[in-house]
Amino acid sequence: MKVTMTVNGKAMSAETEGRTLLSSFLRDGLGLTGTHVGCDTTQCGACVVHVDGKPVKSCTVLAQDVAGAEVRTIEGMANKDGSLSVIQQAFQDHHGLQCGFCTPGMVMSSAALLAENPTPTEAEVRAYLEGNICRCTGYHNIVKAVMAASGQGEQQLAAE
Amino acid sequence: MPKDGGIGASTKRREDIRFLTGKGRYTADINLRGQAFACFLRSDVAHGRINGIDTSAAAEMPGVLAILTGEDFKEVGGNPTGWLVQSRNGETMKEPKRPVLAHGKVRHVGDAYAMVIAETFEQAQDACDAITADIEELPAIVDMAAAVADASNRVHDEISDNIVFDWGWIEDNRAAVDAAFAAAPHVTTLELVNNRLSPNPMEPRASIGDFDPGTGDYKLYTTSQNPHLSRLLISAFVMGIPENKLTVIAPDVGGGFGSKIYHYGEEAAVLAASKLLNRPVKWVCDRSEAFMTDAHGRDHVTKIELATDMEGNFLALRTETLANVGAYLSNFATCTPTFLHGTLMAGPYKTPHVYVNVKAVFTNTVPVDAYRGAGRPEATYSIERVIDKAARELGLDPWELRAKNFLTTDQFPYTTPVGLVYDTGNYHATLDKLGEMIDRNGFEARVAESRARGKLRGFGLSTWIEACGIAPSNLVGVLGARVGLFDSATVRVNATGNISVLVGAHSHGQGHETVFAQVISDKLGVPASSIEIVHGDTSKIPFGMGTYGSRSLAVCGSAMVKAADKIIAKGKKIAAHMLEASEDDIVFEDGAFSVTGTDKQKTFGEIAFSAYVPHNYPLETLEPGLEETAFYDPSNFTYPAGAYGCEVEVDAETGRVEIVSFTCADDFGNVINPMIVEGQVHGGVAQGIGQALMESVRYNEDGQLLTGSYMDYAMPRADDLPNITVDHSCATPCTHNPLGVKGCGEAGAIGSPPAVVNAVLDALHRGGITHVTHIDMPLTPSRVWAAING
């Protein structure tokens, strides 16, 4: 069955089976390989995208169930001129990524957090990102990046 | 001040742009025209005899293109281990064949014995389910002590005792060590387990085999930390594909931590399948498969003894270890528990007598190999735990006990009793630095404040050293290595003056594309933005050994410097020709070649252009072009060291441990990019805290993997970890490599587990719970609670 949804502002379609996951629809159907799959139990969060403004783990959503939705992926996060958005820039500025594999999910979850709570505490950032696993950074610089992206200075970080 | 973009600058990473915009190119992101998909059928029993495999129904399933089983690979070679270790009695270790796909027997849950290739992955998966195998289940061998005590049941039928080797280091010193123990006023003994871990890089493994029937060339896209090593193993040992007909490409790789050093059977299988079908064949591992196939780490059971006098002077150290290698020998499996472990047993201390015994044991579990730190975390954990226990037994302060036994700066170079030569270091300096960083004076008040809230506060110390910059080929050759461990770099100056640097190291999170450009920018005076770092493709880069063992800068970075020096030397020849001066009178400074004592000069760009437009060149003495390759083989290991402090609060009622602070004072020698170094320490410490408090691979007695997903294997999450305070100002530069660098990638994972465990023990003792002398990692609430209430 052909499924159409609005992905990063454009209507996009691909053929699906009933079992096609949103992550496969994006990666294999649309060639948007920025969304990563790091586990098979909805734990790691590398696949987080926004569906109608809410963060979801795209490995656990059937593509056909979100036909017609507004989907935003990491490929749609930069500014219109192609420069990094505030949150992406904060990840670079604060070395919030190493191997880059968890990064798309981290950025999407962080963006969702800041949309819900524009000035989170460090503890709130850590709690919110509980569903995104990073093996490289120890989260220290990810937390720093999210705090910086929220406009809060580094003095907000307890142990710095 | 460092030059902008040069050595010492916290230059932001250029690779981040593609990762932050979804433009990274990992193996699973690559799709080749006409590709088919592979799925592997894996054993669901730990140990069994394969009596027959019926693929007939599966072969009729929709989309199925081919089915291969272990029988199809019986005639090809085995995946070898890279290191031959001799037993104490002089016998060479046992090395059973590790096949591409299992035949005869399956030896661990996850051992692949068949492979289906189909038009889609789902079809391949469905067809795997339709294969029926008659596998006679045999009793599983899980516990190492049991495997050794009763070897009537064998992992490999031809290996009569389940033992790979019984290694003594250094065997000739054993009598002197035993004598020192016999005469010692005090001996502290500790039995401990270094828990089995799963490395868990976030990107699961993936491989695409692509055979070109027109040229006979093979291409393998794969998740590797070292594409040349994989090519060598596939060519020389497993498949016999000539090296010059096989290209291995490791594109963006999403973390490794050791688990992607190794060649795995799936890589050979997709190449064979691609040849068979004349189509690309793609395989992408899922996380469940990763848990039961990616090499695990650690898994030692150790008895360690420390002999001291009553003032706490270390007299001798002795250990006995059982090291689990799993069902087959992975590529570094034999050197990890031996030469990367036993040789570190002197630590940063002047202990005169040290003896290490390691028996490596086969079990029906996933192969065990190097994981971040590889042997050195095991050594550090044993040493730092027994020292803490000794301090308590002797009534001495753990800081002072360590400090009084440290090597002093006047003792370098220092030959340890376990065969290494430490070139430089200053262990008192990092310990003192840590003391400044943690507010030692305020500790008692913090203990009291915690107690007022019903919590037990404790502090744990760990002072660690490692040998990295792996490795001097001459030395490791004597010790049994089958490969050299040099690295290589080509500096290619293009005609328009920008530079491509082709390197043997591989970046999978370490930031080489940024850091290596900083080094070359500094050397050649060319802006970093004009320098491109190329890695990960054997058809482009010179033969290099890849990235592991904190070796990239120390070894490959040194090769880059050597190649850059050759560029400067060649540039001087060109400048001398262009400026009609003697080569000896040319100096290279700030990116320009000039005649000394004059204002005559040529810029780097002018020299580069001239090299490719060689009009009027004296061709008999000056070749056109400006490209140089260097291979660098280190003369010694490098020896980073440091002091780590951990402060915890323990809830004695629940056994829950909270890390209040974690502080690191490291000596990495010179630092090229402080931001990246600090990030490496954060990540290493996070993995060490994971080992200490959360992570553990568990099998039941039938050899079933109980921790096969993120639902059961506790990965540290953002809310499990503290912020980590780091310092690397106490630098004693390495004396034998041109950058003076030592390596920082593994430090955090090596130094942190004993600091955490020592802190918990300290908290319990300060809280009056003095019957607990040790708790094995991970220190989960249930284990801590049981220890308190046991």
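Scanning segment B:1-22 for residues that are in contact with a helix residue (DSSP H, G or I) (Cβ under 8 Å, 6 or more places away or on another chain) and within 30 Å of residue A:7 (Cβ to Cβ) yields a count of 10.
Flag set for residue B:624, criterion: in a loop (DSSP other than H, G, I, E, B), touching a Phe, Trp or Tyr at 6+ places or on another chain (Cβ under 7 Å) and over 30 Å from residue B:373 (Cβ atoms).
The condition of being within 13 Å of chain A (Cβ to nearest Cβ) and not hydrophobic (A, V, I, L, M, F, W, C) holds for only one of B:669, B:683, that being B:683. Which of the residues that make up segment B:420-440 are in a helix (DSSP H, G or I), more than 14 Å from residue B:728 (Cβ to Cβ) and either touching a Phe, Trp or Tyr at 6+ places or on another chain (Cβ under 8 Å) or not acidic (Asp, Glu) (or both)? Result: B:427, B:428, B:431, B:435, B:440. Of the listed requirements (1) over 27 Å from residue B:419 (Cα atoms); (2) part of a strand (DSSP E or B), residue B:631 misses just one: (1). Against the conditions (1) more than 30 Å from residue B:407 (Cβ to Cβ); (2) in contact (Cβ under 8 Å) with a residue 40 or more places away in the chain; (3) among the acidic types (Asp, Glu), residue B:599 satisfies every one except (2).
Residue-by-condition table, conditions (1) within 14 Å of chain A (Cβ to nearest Cβ); (2) in contact (Cβ under 8 Å) with a residue 40 or more places away in the chain; (3) out of contact with any Phe, Trp or Tyr (no Cβ under 6 Å at 6 or more places or on another chain); (4) crowded, with 24+ Cβ neighbours inside 10 Å:
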{"residue": "B:495", "(1), (2), (3), (4)": "no, yes, no, no"}
{"residue": "B:504", "(1), (2), (3), (4)": "no, yes, yes, yes"}
{"residue": "B:507", "(1), (2), (3), (4)": "yes, yes, yes, yes"}
{"residue": "B:510", "(1), (2), (3), (4)": "yes, yes, yes, yes"}
{"residue": "B:532", "(1), (2), (3), (4)": "no, no, yes, no"}
{"residue": "B:539", "(1), (2), (3), (4)": "no, yes, yes, no"}
{"residue": "B:543", "(1), (2), (3), (4)": "no, yes, yes, no"}
{"residue": "B:551", "(1), (2), (3), (4)": "no, yes, yes, yes"}
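Given the options B:788, B:750, name the one that is of a type outside the set (Asp, Glu), over 21 Å from residue B:399 (Cα atoms), more than 11 Å from every other protein chain (Cβ to nearest Cβ) and not in a strand (DSSP E or B). Reasoning before the result, please.
Working: B:750 fails: over 21 Å from residue B:399 (Cα atoms).
Answer to the check: B:788.
Can you tell me which residue is nearest to residue B:77 (Cα to Cα) among those in segment B:229-257 that are within 12 Å of another protein chain (Cβ to nearest Cβ) and among the small types (Gly, Ala, Ser)? Spell out how you get there, then give the answer.
Filtering segment B:229-257 down to residues within 12 Å of another protein chain (Cβ to nearest Cβ) leaves B:251-257.
Filter once more, keeping what is among the small types (Gly, Ala, Ser): B:254-256.
Details: B:254: 29, B:255: 29, B:256: 26 Å.
Checking each candidate, the answer is B:256.
Selection of segment B:444-486 for residues being free of Cβ contacts under 8 Å to residues at least 40 places away in the same chain and of a type outside the set (A, V, I, L, M) yields B:444, B:449, B:453, B:477.
Pick from segment A:85-103 the residues that are surrounded by fewer than 19 Cβ atoms within 10 Å (Cβ to Cβ) and either out of contact with any Lys or Arg (no Cβ under 9 Å at 6 or more places or on another chain) or part of a loop (DSSP other than H, G, I, E, B) (or both): which of them is nearest to the other protein chains (Cβ to nearest Cβ)? Walk me through how you get there before you give the answer.
First, the residues of segment A:85-103 that are surrounded by fewer than 19 Cβ atoms within 10 Å (Cβ to Cβ): A:85-86, A:93.
Right, trim to either out of contact with any Lys or Arg (no Cβ under 9 Å at 6 or more places or on another chain) or part of a loop (DSSP other than H, G, I, E, B) (or both) and you get A:85-86.
Values: A:85: 9, A:86: 12 Å.
Among those that are surrounded by fewer than 19 Cβ atoms within 10 Å (Cβ to Cβ) and either out of contact with any Lys or Arg (no Cβ under 9 Å at 6 or more places or on another chain) or part of a loop (DSSP other than H, G, I, E, B) (or both), it is A:85.
For residues that are among the hydrophobic types (A, V, I, L, M, F, W, C), outside any helix (DSSP H, G or I) and touching a Lys or Arg at 6+ places or on another chain (Cβ under 9 Å), tally how many sit in segment B:387-419. The qualifying residues number 3.
When you look at residue B:260, is it among the charged types (D, E, K, R), closer than 23 Å to residue B:745 by Cβ and not in a helix (DSSP H, G or I), yes or no?
Details: among the charged types (D, E, K, R): yes; closer than 23 Å to residue B:745 by Cβ: yes; not in a helix (DSSP H, G or I): yes.
Yes, satisfied.
Of everything listed in (1) surrounded by 24 or more Cβ atoms within 10 Å (Cβ to Cβ); (2) outside any loop (DSSP other than H, G, I, E, B); (3) within 14 Å of another protein chain (Cβ to nearest Cβ), the single unmet condition for residue B:371 is (2). Candidates are the residues of segment B:480-528 that are polar (S, T, N, Q) and touching an Asp or Glu at 6+ places or on another chain (Cβ under 8 Å); the one that is nearest to residue B:26 (Cα to Cα) is B:507.
Identification of strands (runs of 3 or more DSSP E) wholly contained in segment B:132-238 with 3 or more residues that are farther than 27 Å from residue B:326 by Cβ and modelled with pLDDT under 95 yields no element. Among all residues of segment B:734-741, there is at least one that is assigned by TED's automatic domain parsing to the domain that holds residue B:429, among the small types (Gly, Ala, Ser), assigned to a loop (DSSP other than H, G, I, E, B) and surrounded by fewer than 21 Cβ atoms within 10 Å (Cβ to Cβ). Restricting segment B:186-228 to residues that are out of contact with any Phe, Trp or Tyr (no Cβ under 9 Å at 6 or more places or on another chain) and of a type in the set (A, V, I, L, M), the residue that is nearest to the other protein chains (Cβ to nearest Cβ) is B:220. Given the condition farther than 30 Å from residue B:291 by Cβ and not aromatic (Phe, Trp, Tyr), answer yes or no: does some residue in segment B:742-755 qualify? Yes: segment B:742-755 contains one or more residues that are farther than 30 Å from residue B:291 by Cβ and not aromatic (Phe, Trp, Tyr).
Residue-wise test of (1) of a type in the set (Asp, Glu); (2) more than 14 Å from every other protein chain (Cβ to nearest Cβ); (3) under 18 Å from the mean Cα position of the chain (by Cα).
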{"residue": "B:689", "(1), (2), (3)": "no, no, yes"}
{"residue": "B:699", "(1), (2), (3)": "no, yes, no"}
{"residue": "B:708", "(1), (2), (3)": "no, no, no"}
{"residue": "B:713", "(1), (2), (3)": "no, no, no"}
{"residue": "B:721", "(1), (2), (3)": "no, no, no"}
{"residue": "B:735", "(1), (2), (3)": "no, yes, no"}
{"residue": "B:741", "(1), (2), (3)": "no, yes, yes"}
{"residue": "B:744", "(1), (2), (3)": "no, no, yes"}
{"residue": "B:769", "(1), (2), (3)": "no, yes, no"}
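Yes or no: segment B:476-493 includes at least one residue that is within 14 Å of chain A (Cβ to nearest Cβ) and crowded, with 24+ Cβ neighbours inside 10 Å. Taking every residue of segment B:476-493 in turn, none turns out to be within 14 Å of chain A (Cβ to nearest Cβ) and crowded, with 24+ Cβ neighbours inside 10 Å.
Would a scan of segment A:112-133 turn up a residue that is facing chain B (nearest Cβ under 7 Å) and outside any helix (DSSP H, G or I)? Yes: one or more hits.
The values are calculated or read from the model by the stated rules, or taken from the named source; none is laboratory data. For clarity, every value in this text was computed on a predicted model and none was experimentally measured. Positions of Cβ are backbone-derived with ideal geometry, glycine not excepted, and every protein chain shown enters the neighbour counts.
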